[in-house]
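First the structure, in the form of C-alpha cells, and then the observations on it.
The values are calculated or read from the model by the stated rules, or taken from the named source; none is laboratory data. Computed from a prediction, not measured in an experiment: that's the story for all the values here. As a convention, Cβ positions derive from the backbone with ideal geometry for all residues, glycine included, and neighbour counts pool all protein chains shown. Ligands, DNA and RNA are stripped out before the accessible areas are found, and what is left, the full protein with its side chains, is counted by its heavy atoms. Shrake-Rupley method; radii C 1.70, N 1.55, O 1.52, S 1.80 Å.
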Amino acid sequence: MSFAMTASVDELMPYILPKVPTVPLPYAQFQARLAAIEFCERTRCWRQVLTSNLNSSKGCMLAPFNATIHEFEEATLNGNLLTPTQFTDVEPDELTGCENEGPAKYITQISPGTVSVYPFERGKLRVSCFLKPRHGQAVGLDEDNPLDDAYNVLPEFMVTQYAEKLADGALWRIMSTNNQPFTDLEMAAVHRQAFENACNTHFGSNLRGQQRAPVRVKPRWM
C-alpha cells in the first residue's frame, strides 16, 4: 500500500519560533503536532484508501507508523461491507481466549493504526479512512539523533497547504502556557481565532471537494 509523503514538524518552526523565540524546541514541536492532530480531526483533510491481507485475528497494521485512524469512512473484506465499531463494542478474540471465526461483520481499531475484524475472517481488507498524526512519543529510534521523536511527522501536503494555519494552532497553545517567558494571552487569543477559522473553513472545503458516491457506512470516530 502507498502512504502520503511525509515531512517533519520542523518545517513549521520558521512560522512559529520567530514569534516565541524563548520557547524550547521540543515543546514547540509537540504543540505543532497537537495542532496538526486537531486540524485532522476537525477537517478530515488526511484521507487515504488502504489495503492489506488480513491473516490473523490479532489484526494488521494498516495506517503508517506515525499515524492513527481517526474515522472509518468505508471498509470491506473480500468485497463485503463491514460496520465500523469501537474496540469495546465487540468481543475481542484475545479476551475470550478463543478465535471466533465466521463471516466478518465489524471492523475495529485495536491499537493505533492496527485493525481487525469480528468475527474473524481471512481475506483482502480495503479501508477508506481519515487519518491523523499519533499522540505519544517515539524517541531513541534514530541512532544518529536519539532524542528525535519519530512521531513528529506530518503528511507533506499539510505542510505545503496549511503551514500557517497549523502554526496558528501551535502558537495559541504555546502562548497560552501559564507563567512562561513566552506567555501572551492576548496574542494567544488572536492565533486561536485564526486556527478556529481555518478548521471551520477547510472542513467545508473538504466536504465540497469530495466528489464521490455517498458513504454507505456510518462514520465512527476512534
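Within the range 167-193, track down each residue that is in a helix (DSSP H, G or I) and either in contact with a Lys or Arg (Cβ under 7 Å, 6 or more places away or on another chain) or among the hydroxyl-bearing types (Ser, Thr, Tyr) (or both). The answer is Leu171, Trp172. Taking the stated definitions as given, is Ala75 buried (at least 19 other Cβ atoms within 10 Å of the Cβ) and either touching a His at 6+ places or on another chain (Cβ under 7 Å) or within 20 Å of Cys129 (Cβ to Cβ) (or both)? For Ala75, the condition - buried (at least 19 other Cβ atoms within 10 Å of the Cβ) and either touching a His at 6+ places or on another chain (Cβ under 7 Å) or within 20 Å of Cys129 (Cβ to Cβ) (or both) - is met. State which residue is modelled with the lowest pLDDT when the search covers only the range 80-116 and only residues that are within 17 Å of the chain's Cα centre (by Cα) and in a loop (DSSP other than H, G, I, E, B). Going through the qualifying residues, I end up with Gln86.
Quick check on Glu38: is it open to solvent by 10 Å² or more (accessible area, probe 1.4 Å), of a type in the set (Asp, Glu) and not in a helix (DSSP H, G or I)? Here the answer is no, as Glu38 does not meet what is asked.
Checking each residue in the range 42-62 for being assigned to a helix (DSSP H, G or I) and open to solvent by less than 20 Å² (accessible area, probe 1.4 Å) picks out only Thr43.
Can you tell me which residues in the range 7-25 are open to solvent by less than 90 Å² (accessible area, probe 1.4 Å) and either assigned to a helix (DSSP H, G or I) or under 21 Å from Pro155 (Cα atoms) (or both)? Within the range 7-25, Ala7, Ser8, Val9, Asp10, Leu12, Met13, Ile16, Leu17, Leu25 meet the criteria.
Comparison of Phe72, Phe65 shows that the only residue that is of a type in the set (Phe, Trp, Tyr), in contact (Cβ under 8 Å) with a residue 12 or more places away in the chain and in a strand (DSSP E or B) is Phe72. Restricting to the range 166-189, give me the number of residues that are open to solvent by 80 Å² or more (accessible area, probe 1.4 Å) and over 12 Å from Val20 (Cβ atoms). Residues flagged as open to solvent by 80 Å² or more (accessible area, probe 1.4 Å) and over 12 Å from Val20 (Cβ atoms) within the range 166-189 amount to 4.
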